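Below is one structure, written out as structure tokens; the observations come after it.
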Amino acid sequence: MNAIKTAVLSVAMVVAGIINSAAQTKVVTVTNFVTVVITNVVTVTNIVSVTPPPNAALSSVTMSSAVMPESSKYPWKSSVSAGLTLARGNKNATMFTADFQTQKKTPFDEYHLGLGAAYGEQNSVETVNNYKVFGQWNHLFTPRFFGYLRTEGLRDSIANLDYRLTLGPGVGYYLIKGTNTTLALEAGSAFEFQRLGGEDQTFVTARLADRFEHKISDRARLWQSVEILPQVDKLENYVINFEIGAEAAITKSFSLKTYFDDTYANRPAAGRLKNDAKLVAGVAYKF
């Protein structure tokens, strides 16, 4: 009997041990599950932690302002103008002119580009037929003193000029540089390539020039420019370009424009006049 009790007690202890062991295994499994959940939460927390702090947006805006493209601060200012003159009667005359100009100014650089064309005839005979293009870059060393690089191209069929191309550097100085008035003097040199009267010529010229502009008001301005280009080894061979004009706004974008343009070549092609002048009136559009 005692042996039976002992055997039953032993079996009970083994069963209790197994049950206890199974219970502990379940606890461990739950613990592992909880651990996995906590670990996942920590991982999510790590991802959230890399989100920029509240002041990061302000820093981003500040950085964007610091690297704002220069073109948005100093935009190109452009204009297109055209003029047409018609005469019918005892004499039939027509003259058409068009030009495009654009410029950009920054604290250290100034850019000027332009092109133009003029065509005229009288009694079916050409009296004007020319095309021109120019570009100039000024680099300011001080607010008034600058160096420049300039190029010009011209074709004038009436003057028997197939082409004239000049390219050269120089220096300039603003005698007046105000809000409404500017006056600059320029001096330099240039290489000139031209075909005049069917003859190819290449030589070096000096260049003296001035540029003046005065804003009478927000709606009106005056301007004037002149340049002298003498051949350095033959001073009697020179060209003078002169222009003076006025412009008055009629709307924010449109204006009336009148100017006098004159080119004087002291040694023109054979059978051609030295002076070539025109008075132009037209409408300009700014953008």
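You will find that of Gly114, Gly89, Gly83, Gly120, the residue that is closer than 18 Å to Ser255 by Cβ and at pLDDT below 95 is Gly83 and no other. The residue that is nearest to His139 (Cα to Cα), among those in region 75-111 that are in a strand (DSSP E or B) and among the charged types (D, E, K, R), is Asp109. Filtering region 235-253 to residues that are assigned to a strand (DSSP E or B) and either outside the structural domain of Arg221 (by TED's automatic domain parsing) or loosely packed, with under 13 Cβ neighbours inside 10 Å (or both) leaves Leu235, Glu236.
To keep it simple, each residue is scored yes or no on (1) at pLDDT below 95; (2) farther than 27 Å from Phe141 by Cβ; (3) exposed (fewer than 13 other Cβ atoms within 10 Å of the Cβ).
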| position | (1), (2), (3) |
| --- | --- |
| Thr179 | yes, no, yes |
| Leu208 | no, no, no |
| Glu227 | no, no, no |
| Ser255 | no, yes, no |
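Annotation for region 216-229: no member residue is assigned by TED's automatic domain parsing to the domain that holds Trp76, more than 23 Å from His112 (Cβ to Cβ) and either in contact with a helix residue (DSSP H, G or I) (Cβ under 7 Å, 6 or more places away or on another chain) or assigned to a loop (DSSP other than H, G, I, E, B) (or both).
Across region 113-166, the qualifying residues are those that are more than 30 Å from the chain's Cα centre (by Cα) and of a type in the set (Asp, Glu), and the one among them that is surrounded by the fewest Cβ atoms within 10 Å (Cβ to Cβ) is Glu126.
The values are calculated or read from the model by the stated rules, or taken from the named source; none is laboratory data. Note that the coordinates shown come from a computational prediction; the quantities given were computed from them, not determined experimentally. A quick note on method: Cβ atoms are made from the backbone with ideal geometry, for glycine too, and the neighbour counts reach across all protein chains shown.
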